[in-house]
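The values are calculated or read from the model by the stated rules, or taken from the named source; none is laboratory data. Everything quoted here is computed from the prediction, not taken from an experiment. So basically every Cβ, Gly included, is an ideal-geometry build from the backbone, and we count neighbours across all protein chains shown. Heads up: the accessible areas ignore ligands, DNA and RNA and are worked out on the full protein's heavy atoms, side chains in. Shrake-Rupley method; radii C 1.70, N 1.55, O 1.52, S 1.80 Å.
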There are 2 protein chains.
Amino acid sequence: MVNETQHTCSASSSSRSDGGSSSGSESSKENSRCSTPVLDADRHERLREKMRRRQDAGDKWFSLEFFPPRTANAAVNLISRFDRMGAGGPLFIDVTWHPAGDPGSDKETSSMIIANTAVNYCGLETILHMTCCNQTKDDITGHLQKAKRLGLKNIMALRGDPAGEEWEEEVDGFNYAVDLVKHIRNEFDDYFDICVAGYPKGHPEAESYEADLRHLKEKVFAGADFIITQLFFRPETFLKFMKDCQAIGITCPIIPGIFPIQGYHSLRQLVKLSKLEVPQEIKDVIEPIKDNDAAIRNYGVELAVSMCRELLDSGMVHGLHFYTLNREVATTEVLKRLGIWKEDPRRPLPWAVSAHPKRRVEDVRPIFWASRPKSYIYRTQEWDDFPNGRWGNSSSPAFGELKDYYLFYLKSKSPREELLKMWGEELTGEESVFEVFTCYITGEPNRNGYKVTCMPWNDDPLATETNLLKDQLEKVNRRGILTINSQPNINGKPSTDPIVGWGPSGGYVFQKAYLEFFTSSEIVTALLKVLKKYELRVNYHIVNVKGQNITNAPDLQPNAVTWGIFPGREIIQPTVVDPVSFLSWKDEAFALWIEQWAKLYEEESPSRMIIQYIHDNYYLVNLVDNDFPLENCLWQVVEDTFELLN
Amino acid sequence: MVNETQHTCSASSSSRSDGGSSSGSESSKENSRCSTPVLDADRHERLREKMRRRQDAGDKWFSLEFFPPRTANAAVNLISRFDRMGAGGPLFIDVTWHPAGDPGSDKETSSMIIANTAVNYCGLETILHMTCCNQTKDDITGHLQKAKRLGLKNIMALRGDPAGEEWEEEVDGFNYAVDLVKHIRNEFDDYFDICVAGYPKGHPEAESYEADLRHLKEKVFAGADFIITQLFFRPETFLKFMKDCQAIGITCPIIPGIFPIQGYHSLRQLVKLSKLEVPQEIKDVIEPIKDNDAAIRNYGVELAVSMCRELLDSGMVHGLHFYTLNREVATTEVLKRLGIWKEDPRRPLPWAVSAHPKRRVEDVRPIFWASRPKSYIYRTQEWDDFPNGRWGNSSSPAFGELKDYYLFYLKSKSPREELLKMWGEELTGEESVFEVFTCYITGEPNRNGYKVTCMPWNDDPLATETNLLKDQLEKVNRRGILTINSQPNINGKPSTDPIVGWGPSGGYVFQKAYLEFFTSSEIVTALLKVLKKYELRVNYHIVNVKGQNITNAPDLQPNAVTWGIFPGREIIQPTVVDPVSFLSWKDEAFALWIEQWAKLYEEESPSRMIIQYIHDNYYLVNLVDNDFPLENCLWQVVEDTFELLN
């Protein structure tokens, strides 16, 4: 009977060894020390494996196509769109490639950099388009190498539009997408997942529909992993195409490209580019309402929903690819109506993970960057290795300098005028700064009637979890304890808790209470006296902009402040208070006063001098209450401090 | 004000980096990934640093001297004495060196192997004596290299007694201890801590007391770290010697050697060897009672206590070194009466740590060897690296084969006759085996009136912690669930808890309930059906001697079953249920049936065939209840299984 059960493994069976190269002897235990927690299968699978797994599980999925923006401001907006649309759970996004726009450059609007941002900073599985026509082998290899270096793992291999009217095949050149597919497989082996384009009506330049199908088969047999189709207007177009593909032996996934009509002009332009014809029944609806954008969009949504339903119901389609035109509303609505937009409040880890392959094993970070994960990823992008399981005594954590506060993916989403409304056109003293902090916490409008929805240290409104501490936070901010980061203590809540949960289900999560704030040296002096009473229970780090640092951390060891216990796994401790990293964070936290706030005002202006004074004289303090099963004592510490001052 | 506080560190200050060599680039984070938890300063300091720290803290300490035993059985006894006397908290023990006894060999009675056992298997800081007279440089270097390889870190450098009557200095040879000290420093730099001998009355062969002091100074200036003295009978002898040493510039620690008189003959022999004279006042007491061992020992204890008190009260003495003559009672009593015998129930980790330097960072082990830590250390002795922080997915944990069940430090303390009395001269069926297991759990005598104080898998009576589960264990053992390892679930008890606590104070310890047992295939069949109801909550591994293995462990990942949360530190998770190691443990656990039990009986005898049957047909099962905050469900699992069988 025993031999019949499904979970059988032999004595010699071994699990995956992701631990990287080991130079030790055979008896070395090294392999076992750097392996992965496999917390989230998504972090370890390639795109084609994810696709396969979703298909096998009968899950329907979607993906989203974007084009690179024209301006830096548009890039900022696109990145927040990635974050918002990423919340719906796309299997991947893709970024198009326009040879005229210097797509492989380091410009903040290049395809390469937008894709890099999506992978590294938004944690999205991303496909970078790449065209090969009219390009040298060296150029292409260079782009691919750069993509690999940036952590991109998927390429959509395209021919691209030939430049000029009279295009001729180059001997040994890149004439067709299939040449690019072959080149990628030759030069990069199996590193990239490769996607190619399919044309449900046949490529406009192909001799015939059948000839185009044969070209597609060539691309697949040269090494492409899956196909995304050009847009089409009738479900039967796609279903016929899919059957025809299968009939000639194409077995890889074929993903229909869906174009929700969003406006009269964008439709016309797309149709012109793709040389498709809009069916008469659609024209008949659209022409009469062509100046009514809302009506056209509603119709487009209807049409897309009904087409997608038909595709999914056919049983042949598992995923849908959306041409978003960088817009949110229509696609999101289609997805929600189809029921495949899935906002999953569960997080694999309590912070936003990056999708760079070298960060697959990363599962520990200092808590300081909790509200600035993109900055953390930026400052650690050069690391070869990421902490797994334990942070360790980092003698030199080697954080990159943060001088580029204006990098588009680190920049505030709000323009200067809005920030001034929130933070004050004119400051009259330290108290007016206290007021800004207090309004941010309470969510109430400031004296000029504006809500404070972001701060230099946090570009988003208060997190739900921090909301748990709102009343206490309000009280202390009013009195000059200017909080920028905090978490309540948690003594074993289910890992599925909608507010503080993370990780696989069936587990328990824990936290030590944490409070981080700027405050005056007067308050620090009193605080230090009070902290003597809390010795051992409360760990503290207190530092000013010059780096004078007061701490009771034993041996500069990190203190784990968030951890989780899961069925059948080792302990995960994703956030720590690390004394050494705190000094790198301190530089950034103090600089944000100047870079984000003081610089809103004229040089020498009183407002600017107030912020400068705080920057020069305040301390940055963090406190951890080690006794997580007891009531958080940090509020009492602050209370005692104020009492001592009175 | 802030600058006055004591805990100040600059931004560039860095903590110790124990992480070993790093070959990464400057920006690599590698350093931070392999560092030590510094859970227990004792594991990281050298002996001379520990001595200094204890002295600075005003702590009094003691150390114990042993000589290598003559026979293998005596070695077994000596090792249990190490364990028992180690519990009193000696700063170190030392093992003497007798050139005639082949002290550097691999014999189980050699000084080298006894010291190796003390360090590696008993976790004791150990000094190995070494003499140099009449030995070649190569011999000595060979001994030192071997000592280093075995993890010994301290050498007592001695001349030793010249062989033969007519001893002459060899040119460039090792004529005096100082030559050995110089040699060690030349060849091994600062690796070893070196101790040398001091003679409070002057060395018997020295020209004069003053000349001997000068020799001692030479030894210290050649690189010795501290001095242990020859025995003496009056405190003033030592105090004068110490002052004289200080007067000529000897500033290192000088530790008085204390000899509690334990019998008439041993005293006479020692005095003869050391060429000391017993003071008349002592002779006057001893001669009349020379045939009354107990009376002499009582007197010896009195004398030693009063001398030690005087030494400690002088304020010049911080530690006392005891010549135990391999006996326990007298020394232990002196230490207890002095109040420096300190049985500290607190453990740095829940299992017995080894003192080998390469195991300093070790803080994770599989739970299976909980009752056989020496076997675990033996089977992992060839590892270059030990798990720190996380066990990891061990694709090849490379445990050494355990064929040497008769290695003296792995052997049962009880002789064959005693084992037969406990486990049965004659077995009549599987039920009589159930009975042995049950008697071991309950502590009640077996049917022949003998208590079962050990089992093949556990050479000691039931642990206090396991006692918490006694009633349930009794019930299941009676019915053929033959338990060999278990722990209750713990949801956050203080780390100072006398039964389940471990690690620094101020922390909280946790456990998942664990149960490991042998049982018949009939019970396993029912159990597997029951376990379906507990899927996700209970992880199981079920294996027979042939390696057929049934498990629901995800991806063969380890499951942390003991962990601790401490102030200002990362999480420590010292025990895991590792699916891969379980298969190595399985070999050992099954072999113990045969090696320790079956072989007590004649070949082909019914008793032997019963054990052989169990060995061949039973399964080894382990169960973990992942829901540690809830009531342990494993008893219910077993209950359900029996119900299903009925």
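Miscellaneous remarks
- The number of residues in segment B:96-107 being touching a residue at least 60 places away in the same chain (Cβ under 8 Å) and crowded, with 21+ Cβ neighbours inside 10 Å comes to 1.
- Which listed residue, of B:325, B:338, B:349, is more than 13 Å from chain A (Cβ to nearest Cβ) and touching a Cys at 6+ places or on another chain (Cβ under 6 Å): B:338
- Answer from B:546, B:586 - the residue that is within 24 Å of residue B:372 (Cα to Cα), out of contact with any Lys or Arg (no Cβ under 9 Å at 6 or more places or on another chain) and in a loop (DSSP other than H, G, I, E, B): B:546
- Test: residue in segment B:282-290 that is closer than 26 Å to residue B:197 by Cα and either among the aromatic types (Phe, Trp, Tyr) or in contact (Cβ under 8 Å) with a residue 12 or more places away in the chain (or both): yes
- When residue B:448 is tested against (1) within 26 Å of residue B:603 (Cα to Cα); (2) in a helix (DSSP H, G or I), just one condition goes unmet, and that condition is (2).
- The condition of being of a type in the set (S, T, N, Q) and either open to solvent by 30 Å² or more (accessible area, probe 1.4 Å) or within 14 Å of chain B (Cβ to nearest Cβ) (or both) does not hold for residue A:438.
- Residues located in segment B:316-331, provided they are open to solvent by 50 Å² or more (accessible area, probe 1.4 Å) and in a loop (DSSP other than H, G, I, E, B): B:327
- Count of segment B:468-514 residues which are in a loop (DSSP other than H, G, I, E, B) and over 22 Å from residue B:538 (Cβ atoms): 12
- Residue satisfying all of: in segment A:239-280; open to solvent by less than 90 Å² (accessible area, probe 1.4 Å), part of a helix (DSSP H, G or I) and at pLDDT 95 or above; farthest from residue A:303 (Cα to Cα) among these: A:247
- Any hit, segment B:296-310, residues being open to solvent by 40 Å² or more (accessible area, probe 1.4 Å) and within 24 Å of residue B:556 (Cβ to Cβ): no
- Flag if residue B:107 is assigned to a helix (DSSP H, G or I), out of contact with any strand residue (DSSP E or B) (no Cβ under 9 Å at 6 or more places or on another chain) and either in the same structural domain as residue B:223 (by the TED database) or among the small types (Gly, Ala, Ser) (or both): no
- Selection status of residue A:414, more than 17 Å from residue A:375 (Cβ to Cβ), modelled with pLDDT under 95 and under 27 Å from the mean Cα position of the chain (by Cα): no
- Candidates A:90, A:69 - the one that is over 17 Å from the mean Cα position of the chain (by Cα) and at pLDDT 90 or above: A:69
- Among (1) of a type outside the set (Ser, Thr, Tyr); (2) touching a Cys at 6+ places or on another chain (Cβ under 8 Å); (3) at pLDDT 95 or above - the single one residue B:480 does not satisfy: (2)
- Within segment B:617-634, restricting attention to residues that are farther than 23 Å from residue B:585 by Cβ and among the hydrophobic types (A, V, I, L, M, F, W, C), the residue that is nearest to the other protein chains (Cβ to nearest Cβ) is B:630.
- Those residues of segment A:525-567 which are open to solvent by less than 10 Å² (accessible area, probe 1.4 Å), within 21 Å of residue B:492 (Cβ to Cβ) and more than 8 Å from chain B (Cβ to nearest Cβ), in sequence order: A:538, A:561, A:562, A:564
- Number of positions in segment B:410-435 that are under 30 Å from residue B:68 (Cβ atoms) and open to solvent by 30 Å² or more (accessible area, probe 1.4 Å): 6
- Residue within segment B:511-523 that is open to solvent by 10 Å² or more (accessible area, probe 1.4 Å), facing another protein chain (nearest Cβ under 9 Å) and over 29 Å from residue B:389 (Cα atoms) present: yes
- Pick from segment B:210-238, criterion over 24 Å from residue B:182 (Cβ atoms) and touching a residue at least 12 places away in the same chain (Cβ under 8 Å), ranking: surrounded by the fewest Cβ atoms within 10 Å (Cβ to Cβ): B:234
- Residue match in segment B:523-530 (condition: outside any strand (DSSP E or B), touching a residue at least 12 places away in the same chain (Cβ under 8 Å) and among the polar types (S, T, N, Q)): no
- Out of A:152, A:128, sole residue that is in a loop (DSSP other than H, G, I, E, B) and under 19 Å from residue A:79 (Cβ atoms): A:152
- Test: residue A:631 is surrounded by 20 or more Cβ atoms within 10 Å (Cβ to Cβ), of a type in the set (D, E, K, R) and either in a loop (DSSP other than H, G, I, E, B) or outside the structural domain of residue A:516 (by the TED database) (or both): no
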